[in-house]
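Please see the structure below; I have some questions.
The values are calculated or read from the model by the stated rules, or taken from the named source; none is laboratory data. Since the structure is predicted, the reported quantities are computational estimates derived from the model, not experimental observations. Neighbour counts are summed over all protein chains in view; Cβ atoms, including those assigned to glycine, are modelled from backbone coordinates with ideal geometry.
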Amino acid sequence: MTRQNVTDGVREILTAPCPTCEGGGVVLSAETVALDAMRRLPDIAAGAKDAEALLVRVHPKVAAELIDPDSGLAELKTGTGKQFHFEGGDALSIATFEVVETGSRAEIEERALPFKVGEEVLVKIDEPHMYNPHDAVARVDSYIVSVTGGGRFVGERKLVRIERVERAAAVASLPDGEVNGAGGSGENGSELESSASRSRRRGRRGGRGRSRSSQGSKDE
């Protein structure tokens, strides 16, 4: 005769099933979550009759799938007459899908932008700017910030002042005295707009309400 062990083992005592995959060992793909979101958004838009725009919280990889030209979001925007903006950071579960705010286009656009002009933000200078080596690029989640005169501070953390905020990128300056003869980047905003748009399709981005280093936003 043998006795059956009916007590929990060490693994069961010390661990708990993953709340995302429920112990299955796998999670949904960003594409799967985006497809499900596209099925749900028409009903959500129809229910928000008085809203011109919606802000939806999703993982940045899901947002990248949703704003892809082949996702059908542009057709949904035309059909519903509404704008869709997305925010979220990498710390979110890949399955996150939540409408966090509805309102006028101006209200949601302002809400979706990660920073305001004049705001000071602590960022890590990631790499030299691809068009101007005197300048540099920082990323807050996947939102791109062009730092005027930041080229010599690559790898360091710096407090920067936001000078201009755009949908896909921002332009910032270093405090007075930090830059000595570094080249300006008056045109970097438009250059970064296109480079950021390419970057977003690789799944980078996120929104507001962060500690200014934990979220970003996307829109269409």
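From the list Ser93, Ser104, pick out the single residue that is among the polar types (S, T, N, Q) and under 30 Å from Thr32 (Cβ atoms).
Answer to the check: Ser93.
Residues of segment 67-89 being under 19 Å from Leu113 (Cα atoms) and either in contact with a Gly (Cβ under 9 Å, 6 or more places away or on another chain) or without any contact (Cβ under 8 Å) to a residue 12 or more places away in the chain (or both), which ones?
His85, Phe86, Glu87, Gly88, Gly89
Give segment 71-93 a look and list any residue that's among the hydrophobic types (A, V, I, L, M, F, W, C) and either farther than 29 Å from Glu22 by Cα or crowded, with 18+ Cβ neighbours inside 10 Å (or both), or say none.
Leu73, Ala74, Leu76, Phe84, Phe86, Leu92
Out of curiosity, is Ala16 touching a strand residue (DSSP E or B) at 6+ places or on another chain (Cβ under 6 Å) and under 24 Å from Ala91 (Cβ atoms)?
Judged against the criteria, Ala16 is not a match.
Got a sec? Which strands (runs of 3 or more DSSP E) wholly within segment 108-220 have at least 1 residues that are at pLDDT 80 or above, crowded, with 21+ Cβ neighbours inside 10 Å and out of contact with any His (no Cβ under 9 Å at 6 or more places or on another chain)?
Filter on segment 108-220 gives 120-128, 136-140, 143-148, 157-165, 169-173.
For every residue, the table says whether it meets (1) in contact with an Asp or Glu (Cβ under 7 Å, 6 or more places away or on another chain); (2) hydrophobic (A, V, I, L, M, F, W, C).
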position: Ala63; (1), (2): no, yes
position: Gly72; (1), (2): no, no
position: Thr80; (1), (2): no, no
position: Gly89; (1), (2): yes, no
position: Leu92; (1), (2): no, yes
position: Ile125; (1), (2): yes, yes
position: Ala136; (1), (2): yes, yes
position: Asp141; (1), (2): yes, no
position: Val147; (1), (2): yes, yes
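Out of (1) of a type outside the set (A, V, I, L, M); (2) touching a residue at least 60 places away in the same chain (Cβ under 8 Å); (3) out of contact with any helix residue (DSSP H, G or I) (no Cβ under 7 Å at 6 or more places or on another chain); (4) over 23 Å from Ala30 (Cβ atoms), what's the single condition that is false for Gly103?
(2)
What are the residue pairs meeting all of these: first residue in segment 130-152, first residue in contact (Cβ under 8 Å) with a residue 12 or more places away in the chain, second residue acidic (Asp, Glu) and crowded, with 22+ Cβ neighbours inside 10 Å, Cβ atoms under 7 Å, and 6 or more apart or on different chains?
Listed by first residue and then by second, the contacts come to Ser146/Asp135; Val147/Asp135; Thr148/Asp135; Gly149/Asp135; Gly150/Asp135; Gly151/Asp135.
Of all residues in segment 46-92, how many are more than 13 Å from the chain's Cα centre (by Cα) and on the phi < 0 side of the Ramachandran plot?
Matching residues across segment 46-92 total 24.
Here is a follow-up. Could you check how many residues of segment 138-155 are aromatic (Phe, Trp, Tyr) and in contact with a Lys or Arg (Cβ under 9 Å, 6 or more places away or on another chain)?
Final tally of qualifying residues: 1.
Are any of the residues in segment 29-43 under 24 Å from Tyr143 (Cα atoms), touching a Lys or Arg at 6+ places or on another chain (Cβ under 7 Å), buried (at least 16 other Cβ atoms within 10 Å of the Cβ) and modelled with pLDDT of 90 or more?
yes
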